[in-house]
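S.K.: I'd like to ask some things about the structure below.
The values are calculated or read from the model by the stated rules, or taken from the named source; none is laboratory data. This structure is a prediction, so every number in the text was calculated from the model and none was measured. Here the Cβ positions follow ideal geometry from the backbone for every residue, glycine too, while neighbour counts run over all protein chains shown.
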């Protein structure tokens, strides 16, 4: 996959390393939830001061500071702009006080980089949900886009199959059905298909869990899914989460919506 990458070089006071780690962990979660492909921050280790230029010289590093390099990858520059706008508007980032950040923003620098040589490989999770909608996959993709803010990625219809299977295997009425599709919800990829069957959809033996940052967002998503679905557990505070509820959507897919407790 060819991706667009933002690179940040940041001077961080050693005395505030713990504060910066907390900020970086929050930023990583926010950017991934809003669509970044990856978010990594690395600490300078084998980095020499240099005679003419170097990482330390580039930020005018002080004796009581260390250098952090952050790399955030996106599908494209346009995707980067969209993700950044959403991430910076996220309540977790908007509430930050620029005057109290554990870094010197005046000496930080960054830039966007397009592919030059090689390809970026993002590791797929070992286990990934794959849902079959028996003729309603396109409807489901649009529904999750409208209710959960899903990002629609790859979409392949049966007519796009280059192997052209015989009609006794894939009849003509399947041509416009979705053979394979990928969407991203809160930074997690979900694979979908119409499959090769028709009839009622049954997702009774599984559930998808989605964690959000605020109780207001949890309520919004819960009510959006419940509008055409069925409430399985009313949303509210629990011993393990600030807010938790379970709802089956219009397709029968069960969703667990939660705001995690800070200690979990």
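S.K.: Give 26, 22 a once-over and let me know the one that is over 30 Å from residue 182 (Cβ atoms) and either buried (at least 17 other Cβ atoms within 10 Å of the Cβ) or in the same structural domain as residue 106 (by TED's automatic domain parsing) (or both).
M.R.: 22
S.K.: Let me ask you something else. How many residues, within the range 238-254, are touching a helix residue (DSSP H, G or I) at 6+ places or on another chain (Cβ under 9 Å) and not in a strand (DSSP E or B)?
M.R.: Total satisfying the criteria: 4.
S.K.: Considering (1) surrounded by 17 or more Cβ atoms within 10 Å (Cβ to Cβ); (2) part of a strand (DSSP E or B); (3) at pLDDT below 85, say which one residue 190 fails and leave the rest.
M.R.: Of (1) surrounded by 17 or more Cβ atoms within 10 Å (Cβ to Cβ); (2) part of a strand (DSSP E or B); (3) at pLDDT below 85, only one is false for residue 190: (3).
S.K.: Let me ask something additional. At least 1 residues that are more than 19 Å from residue 40 (Cα to Cα), touching a helix residue (DSSP H, G or I) at 6+ places or on another chain (Cβ under 9 Å) and modelled with pLDDT under 95 in each: list the strands (runs of 3 or more DSSP E) lying fully within the range 102-157 that qualify.
M.R.: Answer list for the range 102-157: 130-132, 151-157.
S.K.: Among the residues in the range 46-61, are any free of Cβ contacts under 8 Å to residues at least 40 places away in the same chain, crowded, with 17+ Cβ neighbours inside 10 Å and under 25 Å from residue 190 (Cβ atoms)?
M.R.: For the range 46-61, residues free of Cβ contacts under 8 Å to residues at least 40 places away in the same chain, crowded, with 17+ Cβ neighbours inside 10 Å and under 25 Å from residue 190 (Cβ atoms): absent.
S.K.: Do you know which residues across the range 204-219 are touching a residue at least 40 places away in the same chain (Cβ under 8 Å) and either within 17 Å of residue 254 (Cα to Cα) or outside the structural domain of residue 244 (by TED's automatic domain parsing) (or both)?
M.R.: 204, 206, 207, 208, 209, 210, 211, 212, 218, listed by residue number.
S.K.: Moving on to the next point. Give the residue that is nearest to residue 137 (Cα to Cα), with candidates limited to residues of the range 218-236 that are in a loop (DSSP other than H, G, I, E, B) and out of contact with any strand residue (DSSP E or B) (no Cβ under 6 Å at 6 or more places or on another chain).
M.R.: 228
S.K.: Only one of 166, 200 is part of a loop (DSSP other than H, G, I, E, B) and more than 24 Å from residue 225 (Cα to Cα). Can you tell me which?
M.R.: Sole residue among the options that is part of a loop (DSSP other than H, G, I, E, B) and more than 24 Å from residue 225 (Cα to Cα): 166.
S.K.: In addition: For residues that are more than 12 Å from residue 258 (Cα to Cα) and exposed (fewer than 14 other Cβ atoms within 10 Å of the Cβ), tally how many sit in the range 214-232.
M.R.: Counting residues in the range 214-232 that are more than 12 Å from residue 258 (Cα to Cα) and exposed (fewer than 14 other Cβ atoms within 10 Å of the Cβ) gives 3.
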